[in-house]
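The values are calculated or read from the model by the stated rules, or taken from the named source; none is laboratory data. All of these numbers come straight from a predicted model, not from anything done at the bench. Heads up, the Cβs are rebuilt from the backbone with ideal geometry, glycines too, and the neighbour counts pull from every protein chain shown. Heads up: the accessible areas ignore ligands, DNA and RNA and are worked out on the full protein's heavy atoms, side chains in. Shrake-Rupley method; radii C 1.70, N 1.55, O 1.52, S 1.80 Å.
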Amino acid sequence: MTKSIAVKAIGLSAVLAIAASSLPAFAQSQMTVAQFLEAGRDIPRNRAAAMLRSDTRQLIRVVTGSVNQVKAEQASAERAGRRPNHCIPSSGTGITPESLVARFESMPSGRRNVTVTQAIREWMIERYPCRG
């Protein structure tokens with residue numbers, strides 16, 4: 001009986017992980033900062049322990065998708081001969097999990113209804129303004 005319950009629990013976990021990973025990119029990109037912070041509230045601060053959790057990996061996918069979208073906007077503006085809103089260096093954004101959470105937690109509660117993508121976009125405009 002115990003073995004059966006354990007197998008069912010593992011099966012349910014696998015289904016939930018697959019369902020979370022198959023969320024459309026659009027749905028993930030619509031996550032608000034408030035939702036992000038709420039989803040990450042119970043994630044351990046120990047990186048190794050955190051990476052074992054599917055909710056951690058889902059939040060990483062949300063951030064990665066948002067950063068990729070912001071970088072794609074920059075590349076698109078450059079290809080079109082327009083000045084991009086931000087000039088993220090090719091070496092990367094420099095975002096760490098700690099800096100991201102600190103940034104999001106420092107946002108006034110009234111601003112936390114913006115999407116993660118919009119919050120990252122605003123951060124990159126501030127952090128990497130285009131010169132000249």
Problem - Probe 1.4 Å, protein heavy atoms only - accessible area per residue of segment 37-132 in square angstrom - result: 60
Practice task
Starting from the Cα of Glu126, step 7 Å along the direction of its Cβ; do the same at Asn85; then give the gap between the two resulting points in nm.
Solution key: 1.4
Exercise for the section: Compute the separation of the alpha-carbon centres of segment 112-132 and segment 72-102 and state it in Å as a whole number. Expected result: 8
Practice task
Work out from phi, with θ = phi - 60° and the Karplus expression 6.51 cos²θ - 1.76 cosθ + 1.60, the ³J(HN,Hα) of each residue of segment 71-79, listed in order in whole Hz, and give x for Gly and Pro.
Solution key: 5, 5, 4, 5, 4, 5, 4, 5, 4
Practice task
Would you please state which residues of segment 81-123 a label at Ala34 would reach in this model, taking the label point 7 Å out along Cα→Cβ and a backbone N cut-off of under 19 Å?
Solution key: 101-120
